[in-house]
Every structure is written in structure tokens, then in C-alpha cells.
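Asks: Just dropping this structure here.
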Amino acid sequence: MSRLHIVANRLPYSIVKQEDGFQLIESVGGLATGMKSVYTEYGGKWIGWSGHNSDDLTYEEASEIDDLLEEKGCATVPLSDSDILEYYEGFSNKTIWPLFHYFTQYVDYAPENWETFKRVNQRFADRVLDVCDDGDTVWVHDYQLLLVPEMIKSKKPGVTVGFFLHIPFPSYEVFRILPWRMELINGMLGADLLGFHIYDYERHFLSCVRRLFGHEIALNQIHVDERIVKVDAYPMGIDYDKFSNASTAVMQKTVHERSELHKELEKYFLMSPDRRLVLSIDRLDYSKGIPQRLKSFGKFLDKHPEFRGSVTLIMLAVPSRGHVEEYQILKREVDELVGKINGEYGSVNYTPVWYFYRALPFENLVELYNSCDVALITPLRDGMNLVAKEYVASRNTQTGVVVLSEMAGVSKEMGEAITINPINEDEIAEALHRALTMPKQEQQERMKHLQNRIKRYSIFKWASDFVNDLEKVKLIQKAYLAKKISKTVYKEIDTKYTKAKKRAIFLDYDGTLTSFHKDPQEAYPNEELFDILEALIADEKNTVTIISGRDKETLEKWFADIPINLICEHGVWLRKLGEDWQTLTQVNNDWMPMIRPVLERFVDRTPGSFIEEKNYSLVWHYRKAEPEQSEIRAKELTDELLGLVGSLHLEIMEGSKVIEVKNGGINKGIAANQFIQNEKYDFLTAIGDDWTDEYMFKELPKETITIKVGMNRTAAAYKLESVEAVRGFLKKLGEI
Ligand code: ADQ
């Protein structure tokens with residue numbers, strides 16, 4: 001692979017001022033560890049902010065920092081006082097953070113913060129554009145840089161862009177509140193691969209794209225203009241061995257090598273063999289559910305007095321975003337709750353909650369993971385939560401229990417934890433009791449499975465999976481473009497067309513010649529389409545046929561004034577030029593009274609859907625209905641119909657937002673072949689967009705130029721991306 005650059009709000013170093021100048025301290029956080037393995041391997045740069053306010057630095061100091069970082073492969077993006085206030089503390093942490101964690105009451109909608117957010121994102125993108133060339137790959141991280149992918153892609157489409165969101169992506173109902181919702185999604189869609197921790201966030205994102213933009217989505221691929229954007233879930237892991245080895249090292253230390261904290265912990269256990277420790281670790285953030293956790297611990301001591309005196313909660317809170325009012329209020333609330341519990345249940349030699357409001361060195365962190373019997377992890381919302389994984393990795397004894405919020409992304413990977421609803425204090429109190437009384441053997445059984453899983457999907461595997469998929473997206477995009485009608489391919493088609501003496505042109509209608517409308521009756525042909533068709537028909541070598549699933553009455557009405565062949569209802573009816581309608585096959589309608597009530601039931605349960613009755617088929621339309629609900633209903637209806645149609649010799653066809661029930665043995669492929677038999681065409685083409693057109697692509701003679709509209713998998717030889725592209729193609733053939 002060519003060079004891979006990382007873009008994140010922060011660089012993987014912090015900078016401290018010493019007497020003799022600045023010094024870099026390498027970050028040991030999860031992201032820095034994971035990314036270092038990829039960006040050094042691929043020889044790229046890390047682009048980000050140094051953490052220093054540029055207003056506080058002289059020109060010489062800023063240059064010194066830049067030079068030091070440059071030597072480490074980093075490119076800095078300067079942030080001034082007002083940038084930090086409005087881009088970082090403002091829009092990132094007071095708008096996106098609360099909204100994406102479902103704290104809508106805390107969201108600040110200040111427009112000036114949005115303006116600065118855009119400006120600073122552009123500064124990051126410009127810095128990326130400075131250092132990268134066409135063919136390079138860029139991996140952008142997290143919610144502070146949501147606009148950067150599009151800002152890169154629009155300037156350098158030859159750069160492959162990946163984006164990973166470390167926090168949850170909320171459901172559409174929450175996301176839609178944001179006045180700048182379109183801009184944010186548009187920014188993200190500049191990426192070629194979008195990664196989320198879990199499938200739920202991916203699903204929410206796709207639902208927002210579908211509802212706000214209406215882009216075509218096939219499974220997890222979005223069709224944005226002429227590009228395919230892939231969306232997938234990659235649950236971020238940790239450096240498992242680092243925690244596991246450090247834990248072994250802690251155990252092996254001699255008494256005088258041990259840290260003060262370690263000695264304190266040992267003293268605590270020596271006081272009584274029944275002593276137990278429960279661990280709680282997070283940044284002091286309202287999303288982490290700290291007050292609820294404390295109250296639950298109080299409830300536990302209240303309900304289970306036998307544990308008073310022997311169970312202590314060690315609560316570590318890393319100071320975070322202290323300038324923001326909500327965080328100050330939270331800090332006061334936590335302080336008061338700790339005081340209250342300790343006052344109520346404590347004694348001279350028992351403190352129920354040990355509260356540390358600070359960051360701890362790595363070694364101490366591991367000592368705590370090592371010594372605590374239970375990890376109590378109860379965020380109200382959390383993108384992933386790495387603490388849970390770190391605890392598991394540090395348990396070399398294979399004992400220990402994780403009590404885990406179902407609202408943390410990590411809960412999807414930790415089926416063996418005791419999961420709780422973080423708002424339900426009674427449930428948490430009971431889960432804690434269960435954890436503290438769980439037999440050792442059961443603990444080991446559960447821990448073994450957890451460890452195997454977390455070890456396998458480490459931070460390194462996570463990073464390499466994402467990077468490999470980014471490579472693969474390029475192949476998917478290439479395959480798509482390979483089928484696209486390029487200038488050269490068009491020339492070949494045009495040469496065949498010009499040489500031909502007798503041409504048959506089959507054109508599907510909805511989604512091919514005209515866009516879909518919520519009301520199918522509004523999809524009538526416009527002037528441009530008539531001009532295109534008339535130009536084709538004017539050449540007497542051409543036989544033009546519209547081949548559609550629509551009923552014959554509609555198409556006859558719409559195309560009354562133009563001499564064109566019509567095949568309707570997927571091939572039941574044919575009207576050749578100057579002739580009357582004829583049926584291509586013998587069919588009957590005896591089955592309709594049986595099937596209609598089933599469809600009616602689905603209409604009643606799916607607002608916006610309706611039934612169309614054609615001469616020989618019944619169609620359930622759901623384009624106007626709520627998209628997600630109707631997809632589920634469509635599956636239910638198909639299942640129900642499958643049980644009915646077999647004995648009636650019917651077929652179910654799933655078109656674009658329609659389910660059609662019709663007599664078996666009829667399709668566009670059979671009809672088109674019947675149409676051309678006994679005639680000698682030396683140029684054949686068929687254009688269509690949905691899977692009912694695949695019958696034509698598969699069954700027409702192999703020399704047919706088959707063209708699929710859209711991105712889905714197809715048997716057609718070529719693809720055109722849209723109705724406009726089809727019209728453009730036909731205009732060129734018809735020379736208008
Ligand atoms: P965070 O909200 O910061 O991350 P988390 O994933 O739990 O949450 O990571 C916290 C990190 O800080 C852990 O590595 C932990 O060891 C460390 N830490 C916590 N308390 C500490 C203390 N007192 N001293 C020292 N270190 C401490 C965001 C998202 C998460 C997502 C991560 C990664 O909010 O949901 O898991 O990014 O994508």
C-alpha cells in the first residue's frame with residue numbers, strides 16, 4: 001500500500017516545557033498505540049493539534065514544537081484560544097458529544113461554534129492536503145473532524161479516505177434535531193470507508209443517510225454520486241499483551257519494589273480474609289452514569305448489610321472538561337454522593353468509597369485491575385469502553401466479574417459479563433451482589449471466554465482490519481467503475497450501433513427512463529423523454545420497446561401519441577406497432593380473491609402502503625411508507641406469501657419498494673425473447689434497474705448489450721449510475 005496518514009484532533013505526544021526547551025512525551029492511550037503500528041509501517045504522517053494554545057506561544061516556541069514533532073513524523077495544526085473555545089470545547093464537546101450520547105438537554109446550538117468548527121475542520125483538511133499525494137490513504141478519527149473526509153475528497157478525489165467514529169452514532173430521531181445534520185452527514189460521506197464500534201451505530205447512520213439524502217443503499221454500501229462508500233462495524237480492541245504482561249510483572253514484584261498504592265491494597269486485604277474490592281474507572285463525564293453507580297452501591301450496602309465493612313468501592317475519576325458547566329455540576333454531585341455514602345455506612349476502620357479524582361500512572365492502573373474482584377462499569381452511553389477490556393486482560397488469575405451496562409458498545413462482545421440497565425439502581429445493586437457471591441469456578445469459566453475473545457481482536461487486529469478493508473473498498477469501487485460505460489466502451493457500442501442494420505432496444509420504465517416518485521402515477525414521461533424516444537424511433541432501423549411491470553392502461557395512455565412497442569406487466573401483454581394488445585402467455589386470475597386479503601392486512605398495518613391491481617397481478621407498493629418499518633413488513637409479507645403461492649403456481653417478485661404476486665412462468669426475459677424471435681437483429685440492447693430486469697440480462701442472446709442502472713450486483717455487462725446517465729446515453733445514440 002502507498003502511504004497512510006492519520007488525522008486526529010490530538011497528536012500522539014504531549015509537550016512539556018522544560019528549562020532547556022520543550023520535551024515530547026509519548027502518549028500511551030489506546031488510539032496512539034494502535035495507530036503507531038499502522039502509520040509507521042506505511043510511512044505516513046500523523047496530523048493533529050499539539051495540545052498547546054497557539055496564542056500562548058511565541059513564533060520561536062511554535063517553530064521549536066513543530067520541528068520536534070516533525071522529527072517524529074507529525075504535522076501540527078495550530079489552535080488559538082478562540083478555536084479551542086468554539087471548535088473543541090464548543091461544537092465538539094457541547095454540541096456533538098451530548099447529542100450523540102443522547103443528552104439532548106445539554107446540547108448547545110450556538111451558531112458561532114458551528115462556524116468555527118467548519119473553519120478548523122478546513123484547517124485540518126488543508127494540512128492533510130499539504131502532506132498527501134494522489135494515491136495516498138488517510139484515516140480520519142472521531143467526532144471533532146466529521147467534516148474533514150469530504151473536505152479532502154472534494155479537493156483530491158485520488159486520495160482514499162477512511163473515517164472512524166469513537167463515540168455512538170445516535171438514532172435518526174435524535175440526530176435530526178441538529179440544524180447542521182445535512183452538513184455533518186455530507187462531511188462523513190466524503191470517506192470511502194466509515195467505521196463504527198458496533199452494528200447499532202452503523203444502522204443508525206445508514207438510516208440517517210437514507211432519510212436525509214435518499215441515497216441508494218445496498219446492504220452496507222452507499223452509492224454517493226459515482227462512488228461507493230462502505231460502512232462497517234469494527235469493535236476497537238486494546239493492546240492485550242501489554243496489560244496481561246504488566247499484570248504478571250506486578251504480581252512478581254518483591255515487597256520493597258511495590259508501589260505505595262500496591263502496599264495500601266495489600267494492607268487492606270490483610271485486615272480480613274473477607275475483604276473485597278469493586279472497581280469503577282472513567283473520565284468524570286455525565287455519559288458514564290457515575291451518580292447512578294454510587295447510588296446503586298449505596299442501595300447494595302443498604303440491602304445487604306452483611307457486606308458493610310468488607311466491600312469497598314474504589315472510584316477513579318479522571319478530571320475532564322472542567323470548564324464546562326455540566327461537568328462542574330457533576331463533580332459537585334459526585335463529591336456529595338461519596339460523602340453521603342461514606343457518612344452513612346462508614347466507620348472508624350471502614351470507608352465504603354475510596355474516591356480518587358485524578359489520572360493514575362499505568363502501573364497503578366494495572367495494580368487496581370489486578371486487585372479488584374469486580375469491575376463495575378455502568379455508563380449511560382458509551383461508544384465502546386476500553387476499561388472493561390483492560391480489566392479482563394489484567395486478570396491473570398482468571399477470576400473477577402464484570403458488571404456491565406448494556407448501553408456500552410463493549411457489551412456486544414461481552415456476553416459473559418453481568419449486564420444491567422444503568423438507570424436501574426436496584427438491578428445494579430443485585431448484579432453487584434451476584435458478582436460478589438459468584439463461585440470461583442463460574443468466574444473462571446466466564447473470564448476464560450472473555451479473555452480469548454478480547455485477546456484475539458486486539459487494537460492491532462482492529463487497526464489492520466480497518467486498513468485492509470480500506471484497500472478492499474478501492475477494489476469494490478474499481479469493479480463498479482469497470483462496468484461503468486467509459487468513453488472507450490461507448491465508442492465500441494456506437495460503432496456497433498452505426499454498423500447495424502436492424503436494432504432492438506428494450507427499455508425498462510421506472511428507475512431507468514424516469515426517476516421513482518412517491519406516487520407512481522406521477523412518474524409520467526416528460527418532454528425530454530419524448531424527445532429522446534422520438535429521436536430513436538425516427539431511425540427506421542430501430543425497434544424500440546418499453547418493457548415494464550406497469551399495467552397496460554397506464555402505459556397506453558402515456559405513450560398514446562408515439563409509435564413505440566409496449567410490453568407490460570412483466571411480459572403478460574404486448575402491443576406491437578400498429579397492432580392490438582395481445583397476451584404473450586395464457587394466464588388466469590382465479591387466485592386473486594385469495595391473495596388480496598393478505599395484502600390488505602399489510603396495507604392496514606403499514607401506513608402509506610397501497611395495493612395496485614393489474615390485469616394479471618397484484619402489487620403491494622411501499623415507497624411512501626416509513627422506510628425501516630416497511631422493509632420489515634416486506635419481509636414478513638414475502639414469508640407469508642411464500643407459504644401460499646406454491647400450490648397456486650404463482651411467483652412473488654420483489655421490485656424496488658414493491659412486492660408483486662403474479663402468475664408463474666412470465667418474466668421480462670421470456671417476453672423479450674418472444675419479441676425478437678423470427679427477426680434478425682444485429683444490434684440488441686436492454687437497459688433496466690431492478691432485479692426483474694435481470695431476466696432480460698440473463699436470457700437475451702449473449703451479444704446483447706445489457707446495462708444495469710444503479711450499483712447493485714447484476715448479470716448485466718455494463719452499468720450506468722442514474723436515470724440522467726441513461727438519458728444521456730440514449731441521447732448520444734439518437735444523436736440529439
Ligand atoms: P473514553 O470516553 O475516554 O473514550 P474509554 O474507552 O473507557 O473511554 O477509555 C478510557 C481510557 O482512559 C482507558 O484506556 C483507561 O485505562 C484510561 N483511564 C481511565 N481512568 C484513568 C485514570 N484514573 N488514570 C489513568 N488512566 C485512566 C472514547 C469513547 C469510548 C471509546 C474510546 C475508544 O468515549 O466509548 O471506547 O473512545 O474508541
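Read-outs: derived from the displayed coordinates by stated rules, not from any lab. None of these values were measured; they are calculated from a predicted model. FYI the Cβ positions are ideal-geometry reconstructions off the backbone, even for glycines, and counts take in every protein chain you see.
Asks: Defining a contact as two alpha carbons under 8 Å apart and six or more residues distant in sequence, what relative contact order in percent does segment 24-153 show? Intermediate values should be presented prior to the final figure.
Replies: On the way: 114 pairs, mean separation 27.8, N = 130.
Relative contact order of segment 24-153: 21 percent.
Asks: Rounded to the nearest 0.05, what FRET efficiency do residue 531 and residue 471 give with R0 = 60 Å and r taken as the Cβ-Cβ distance? Could you check?
Replies: 0.85
Asks: Work out how far the C-alpha atoms of segment 222-281 reach from end to end along every principal axis, then list the three figures in whole Å, largest first.
Replies: Principal-axis extents of the Cα atoms in segment 222-281, largest first: 68, 24, 16 Å.
Asks: How much FRET efficiency would the formula 1/(1 + (r/R0)^6) give for residue 479 and residue 515, where r is the Cβ-Cβ distance and R0 is 22 Å, rounded to 0.05? Working shown, then result.
Replies: Details: r = 25 Å, r/R0 = 1.15.
Calculated transfer efficiency: 0.30.
Asks: How about residue 474: which lysines have a C-alpha closer than 22 Å to its C-alpha, ignoring those fewer than 8 places off in the same chain?
Replies: Counting by Cα, and skipping residues close in sequence, residue 474 has these lysines nearby: 45, 153, 155, 156, 230, 461, 483, 484, 487, 708, 719.
Asks: In addition: Give the relative contact order (percent, whole number) for the chain; include only Cα pairs under 8 Å separated by 6+ residues.
Replies: Details: 1288 pairs, mean separation 65.4, N = 736.
Relative contact order comes out at 9 percent.
Asks: How many angstrom separate the Cα center of segment 465-540 from the Cα center of segment 6-21?
Replies: Centre-to-centre distance over Cα atoms comes out at 53 Å.
Asks: Please compute, for the alpha-carbon atoms of segment 4-233, the extent along each of the three principal axes and give them in descending order in Å.
Replies: Result, largest extent first: 57, 40, 30 Å.
Asks: Measuring from label point to label point, each 7 Å out along Cα→Cβ, what is the residue 487 to residue 3 span in nm?
Replies: 3.0 nm
Asks: If you take the square roots of the eigenvalues of the alpha-carbon gyration tensor of segment 303-434 and sort them as a ≥ b ≥ c, do you get rounded (a/c under 1.5), prolate (a/b over b/c) or oblate?
Replies: Rounded.
Asks: Would you mind calculating the gained length between residue 107 and residue 582 on full extension (0.36 nm times residue separation, minus the Cα-Cα distance), in nm to one decimal?
Replies: So the extension gain works out to 164.6 nm.
Asks: While we're here: Starting from the amide H of residue 706, placed 1.01 Å from N in the peptide plane, find each other amide H under 5 Å away whose residue is 5 or more places distant or on another chain.
Replies: Amide H neighbours of residue 706, under 5 Å, 5+ apart: 686, 717, 718.
Asks: Using a 10 Å cut-off on Cβ atoms, rank the peptides 309-318, 542-551, 581-590, 387-396 from the highest mean neighbour count down.
Replies: Working: 309-318: 20.4, 542-551: 22.6, 581-590: 12.2, 387-396: 25.3.
Highest mean packing first, the order is 387-396, 542-551, 309-318, 581-590.
Asks: Going by average Cβ density within 10 Å per residue, which order do the peptides 621-627, 250-256 take, highest to lowest?
Replies: For the peptides 621-627, 250-256, the packing ranking is 621-627, 250-256.
Asks: Using a cut-off of 15 Å between beta-carbons, work out the net charge of the residues near residue 210 (Lys and Arg +1, Asp and Glu -1, residue 210 not included).
Replies: After counting each charged neighbour, the total is +2.
Asks: Want the number for residue 122 to residue 434: 0.36 nm per residue separation, take away the alpha-carbon distance, what's left?
Replies: Using 0.36 nm per residue and subtracting the Cα-Cα distance, I get 107.2 nm.
Asks: Continuing with this model, one more query. Which length gain, in nm to one decimal place, applies between residue 40 and residue 358 when the Cα-Cα distance is subtracted from 0.36 nm times their residue separation?
Replies: On the way: separation 318, 0.36 × 318 = 114.48 nm, distance 3.18 nm.
Contour length minus the Cα-Cα distance gives 111.3 nm.
Asks: Let me ask something else. Using just the alpha carbons, could you tell me how many Å³ per residue the convex hull of segment 487-629 encloses?
Replies: Taking only Cα atoms, segment 487-629 has a hull volume of 147 Å³ per residue.
Asks: Quick one: if you stick a label point 7 Å off each Cα along the C-beta vector at residue 724 and residue 412, how many nm between them?
Replies: In this crude spin-label approximation the distance works out to 3.5 nm.
Asks: Shape verdict for segment 368-464, please, from the Cα gyration tensor: rounded (a/c under 1.5), prolate (a/b greater than b/c) or oblate.
Replies: oblate
Asks: Take residue 441, project a point 7 Å from its Cα along the Cβ direction, then tell me which residues of segment 383-424 have their backbone nitrogen under 16 Å from it.
Replies: 399
Asks: Using 1/(1 + (r/R0)^6) with R0 = 51 angstrom and r between the beta carbons of residue 601 and residue 23, what's the FRET efficiency to the nearest 0.05?
Replies: Working from the Cβ atoms, E equals 0.10.
Asks: Give the average over all directions of the projected area of the C-alpha convex hull of segment 592-663, one decimal, in nm².
Replies: 4.2 nm²
Asks: Just from its helices, what would the mean residue ellipticity at 222 nm be for the chain, if runs of 4 or more DSSP H residues each count -39500 (n - 2.57) and the sum is divided by every residue, rounded to the nearest 500 deg cm²/dmol?
Replies: Values: 25 runs with 308 residues, N = 736.
Result for the chain, helices only: -13000 deg cm²/dmol.
Asks: Could I ask something else about it? Can you find, among 46, 21, 62, the residue farthest towards the positive end of the dipole of segment 12-98? Put +1 on the C-beta of Lys and Arg, -1 on that of Asp and Glu.
Replies: Value: 46.
Asks: Normalised radius of gyration for the chain, please: alpha carbon Rg relative to 2.2 N^0.38 Å, two decimal places.
Replies: That ratio works out to 1.19.
Asks: How many angstrom separate the Cα center of segment 256-334 from the Cα center of segment 700-721?
Replies: If you average the Cα positions of each part, the centres end up 63 Å apart.
Asks: So what's the convex hull volume per residue for the Cα atoms of segment 68-123, in Å³? Don't skip to the answer; put the middle values down first.
Replies: Numbers: hull volume 5.0 nm³, N = 56.
So the per-residue hull volume is 90 Å³.
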